[in-house]
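**Q** There's a structure below that I have some questions on.
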Amino acid sequence: MATKEIILNKIQILITNHFATNEEAFSFFDKDSDGKLTKKEIVKLLKKAEINGFIRGIVSSKLVDGYDKDEDELIDWEEFKSAMDEIQDDIA
């Protein structure tokens, strides 16, 4: 199974290589434009980041569990930004 560092690195590479800003990435994956990412939308982000299909569901649940501060089982922009800031700090 991929380690946390590998997964975070792949997400960072995806966002850095394909989007000008974290906000642009968030908007791209927020398909219904409701300002929140569902687990399904996060799975699509993970797929685009080339995270193995077998673990995408597990990783999306862990991301929601770890960053969903208001416990609505969705990731809003502030929670996403916080996650991306943490990923950048972990990678640096």
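None of the figures in this text is laboratory data; all of them are computed from the coordinates on show. All values derive from a computational prediction rather than experimental measurement. FYI the Cβ positions are ideal-geometry reconstructions off the backbone, even for glycines, and counts take in every protein chain you see.
**Q** Output the relative contact order of the chain, whole-number percent, from Cα pairs under 8 angstrom with separation of 6+ residues. Could the numbers behind the result be given before it?
**A** Values: 83 pairs, mean separation 30.2, N = 92.
It comes to 33 percent, rounded to a whole number.
**Q** Please identify every one of the GluC sites (Glu not before Pro) in segment 1-77 that sits in a loop by DSSP and has no more than 14 other beta carbons within 10 Å of its own beta carbon.
**A** On the way: sites: Glu5, Glu23, Glu24, Glu41, Glu50, Glu71, Glu73; in loops: Glu50, Glu71, Glu73.
For GluC sites (Glu not before Pro) across segment 1-77 that sit outside H, G, I, E and B with at most 14 neighbouring Cβ atoms in 10 Å, the list reads Glu50, Glu71, Glu73.
**Q** Same structure again: Are there any chymotrypsin sites (Phe, Trp or Tyr not before Pro) in segment 4-65 that are in a DSSP loop and have at most 15 other Cβ atoms within 10 Å? List them by number. Please list the in-between numbers first.
**A** Values: sites: Phe19, Phe26, Phe28, Phe29, Phe54; in loops: Phe19.
Within segment 4-65, the qualifying chymotrypsin sites (Phe, Trp or Tyr not before Pro) (loop, at most 15 other Cβ atoms within 10 Å) are Phe19.
**Q** Hey, another quick one. Under a 5 Å amide H to amide H cut-off, with H placed in plane at 1.01 Å, what residues pair with Lys36 once short-range neighbours are removed?
**A** For Lys36, no residues qualify.
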